[in-house]
Amino acid sequence: MFSDRSNWDQHPNALSILLQNKTSRGDAILDLTVSNPTRIGLDYDVGEILAALSQPRSMTYEPDPRGLMQAREAIAAYYADHGEDVDSDAVFLTASTSEAYSILFKLLGNPGDEILIPKPGYPLLSYLACFEGLNAVSYPLRYDDRKGWSMDMDVLQALINPKTKAIVLVNPNNPTGSYVRRRELTELGQVCRDNGLALIVDEVFSDFMAAENPDRVQTAVNHSNALTFVLNGFSKTLALPQVKLGWIVVTGDPDLSVKAMSRLEMMLDFYLSSSAPVQYAAKRLLQQRQMIQRQIFSRIASNTSFLEEQIATISNIRSLIREAGWYAAIEISDAVSDENRVVQLLDQDNTLVHPGYFYDFHRDGFLVVSLLPPVDIFSAGITRLIARFGG
Ligand SMILES: Cc1ncc(COP(=O)(O)O)c(C=O)c1O
């Protein structure tokens with residue numbers, strides 16, 4: 001009866017069974033995987049956010065396939081703050097970045113076509129591709145002890161075949177926190193143009209830069225000459241995933257952009273999924289950005305310093321170079337498999353971390369922690385991790 005694309009193995013793994021048992025027993029877990037920003041004790045301006053979302057004009061339905069003009073202008077103003085000129089007609093609103101992906105996959109691929117995604121990378125991408133009948137093929141990011149992460153352009157190009165339709169770039173990438181370099185974006189643009197591919201650039205973490213670097217691309221908007229779709233949304237930029245607003249900015253090749261926008265407009269007209277209250281609220285909500293981001297930066301800075309100080313003298317544990325984002329990738333050199341490590345840590349120390357394989361790291365020996373947990377939880381969890389596996 002059901003489609004192949006919904007036929008996922010839904011059996012819980014050892015880690016999720018253990019977590020379920022512990023949670024139902026009432027054990028206090030130090031959760032170093034938390035990515036829900038509304039659960040980490042941020043101080044939101046609740047009155048202003050709810051007032052912005054309850055404007056009486058939301059009671060009139062004024063459907064616009066691209067999204068209401070006021071909201072698109074607010075998004076264009078966000079890019080103006082980043083030094084980029086964006087035409088509000090090149091902005092298309094969705095309910096989330098995930099939905100934006102699924103619209104773009106429908107726009108670009110026929111069933112059985114391929115998209116290229118980064119490895120290590122965000123696990124949801126291959127599922128989103130599959131739901132649209134596409135195959136996600138991973139291209140590797142390589143790690144260098146001095147320079148951090150970079151793209152392997154030769155391997156990426158060798159993966160392109162007549163079924164390839166788009167390259168997905170997550171900038172900065174989740175979980176590696178690495179930005180694409182200017183030179184890489186230029187090269188990628190050429191690869192896309194030579195092969196008739198679109199570029200999809202997911203920038204949900206782009207505001208969360210750890211340190212200035214003139215080489216990195218903070219946004220691909222106006223900086224790519226291939227047909228490019230830049231994705232972002234309120235779930236990370238404003239730490240408000242529950243208000244549900246995402247967007248696509250169409251940029252790059254002018255002729256292809258016009259064609260893409262006309263098709264996108266038609267497709268989005270069938271969904272009209274972004275709600276009026278959030279669209280009318282967009283401008284006011286974006287004014288909350290600095291206040292919310294400041295708190296996240298401060299949390300990340302405290303947790304990062306704790307982590308670095310604690311592992312400085314531990315010879316078999318190091319954190320990988322991180323340029324941005326909400327996560328830290330940690331490498332542990334020992335003979336323990338990732339699966340055993342995360343199960344052991346939860347079982348013996350009530351501490352939850354993500355194994356590297358969850359993000360498709362190329363081998364065992366990596367784990368990923370969120371830098372968002374309250375400092376006392378983060379530091380207690382890291383202390384337990386080091387006590388168990390530090391050598
Ligand atoms: C890289 C990346 N893109 C997109 C999303 C999803 O964003 P949204 O909540 O807007 O669908 C996430 C969520 O964690 C993410 O990590």
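The values are calculated or read from the model by the stated rules, or taken from the named source; none is laboratory data. Note that the coordinates shown come from a computational prediction; the quantities given were computed from them, not determined experimentally. Because the Cβ atoms are built from the backbone with ideal geometry, glycine has one as well, and the counts that use them run over all protein chains shown.
Odds and ends about this structure:
- Extreme residue, farthest from the ligand (Cβ to nearest atom), among residues of segment 200-245 that are surrounded by 21 or more Cβ atoms within 10 Å (Cβ to Cβ), under 30 Å from ILE49 (Cβ atoms) and among the small types (Gly, Ala, Ser): ALA220
- Test: residue in segment 318-328 that is under 18 Å from the mean Cα position of the chain (by Cα), modelled with pLDDT of 95 or more, assigned to a strand (DSSP E or B) and not aromatic (Phe, Trp, Tyr): yes
- Within the set LEU128, LEU116, the sole residue that is in the same structural domain as GLU265 (by TED's automatic domain parsing), within 14 Å of the ligand (Cβ to nearest atom) and closer than 22 Å to LEU264 by Cβ turns out to be LEU128.
- Residue in segment 163-184 that is nearest to GLY121 (Cα to Cα), counting only those that are without any contact (Cβ under 8 Å) to a residue 60 or more places away in the chain, within 15 Å of the ligand (Cβ to nearest atom) and part of a loop (DSSP other than H, G, I, E, B): ASN171
- Taken together, the criteria place TYR78 among residues that are within 16 Å of the ligand (Cβ to nearest atom) and either in contact with a Ser or Thr (Cβ under 9 Å, 6 or more places away or on another chain) or part of a loop (DSSP other than H, G, I, E, B) (or both).
- If you go through segment 330-360 and keep only what is in contact with a Leu (Cβ under 7 Å, 6 or more places away or on another chain), part of a helix (DSSP H, G or I) and surrounded by fewer than 18 Cβ atoms within 10 Å (Cβ to Cβ), you end up with just ASP347.
- So SER102, is it in a helix (DSSP H, G or I) and closer than 30 Å to LYS163 by Cβ: yes
- Of all residues in segment 93-104, those that are in the same structural domain as SER275 (by TED's automatic domain parsing) and under 15 Å from GLU132 (Cβ atoms) have Cβ atoms under 6 Å from Cβ atoms of residues that are in a helix (DSSP H, G or I) and near the ligand (Cβ under 8 Å from one of its atoms), 6 or more apart or on another chain, in THR94/ALA100.
- Condition check for PRO111: closer than 23 Å to VAL278 by Cα and assigned to a loop (DSSP other than H, G, I, E, B): no
- Failed item, numbered, when SER274 is tested on (1) buried (at least 22 other Cβ atoms within 10 Å of the Cβ); (2) without any contact (Cβ under 8 Å) to a residue 40 or more places away in the chain: (2)
- Checked against the criteria, PHE297 counts as within 21 Å of the chain's Cα centre (by Cα) and among the aromatic types (Phe, Trp, Tyr).
- Flag for ALA100 being in contact with a Gly (Cβ under 6 Å, 6 or more places away or on another chain) and either within 23 Å of PRO241 (Cα to Cα) or not hydrophobic (A, V, I, L, M, F, W, C) (or both): yes
- Selection of segment 241-284 for residues being within 23 Å of PHE229 (Cβ to Cβ), of a type in the set (A, V, I, L, M) and part of a helix (DSSP H, G or I) yields VAL243, LEU256, VAL258, ALA260, MET261, LEU264, MET266, MET267, LEU268, VAL278, ALA282.
- Any hit, segment 141-162, residues being touching a residue at least 40 places away in the same chain (Cβ under 8 Å), closer than 25 Å to VAL368 by Cα, touching a helix residue (DSSP H, G or I) at 6+ places or on another chain (Cβ under 9 Å) and part of a helix (DSSP H, G or I): yes
- Residue in segment 248-265 that is within 13 Å of the ligand (Cβ to nearest atom), farther than 18 Å from GLY121 by Cα and crowded, with 23+ Cβ neighbours inside 10 Å present: yes
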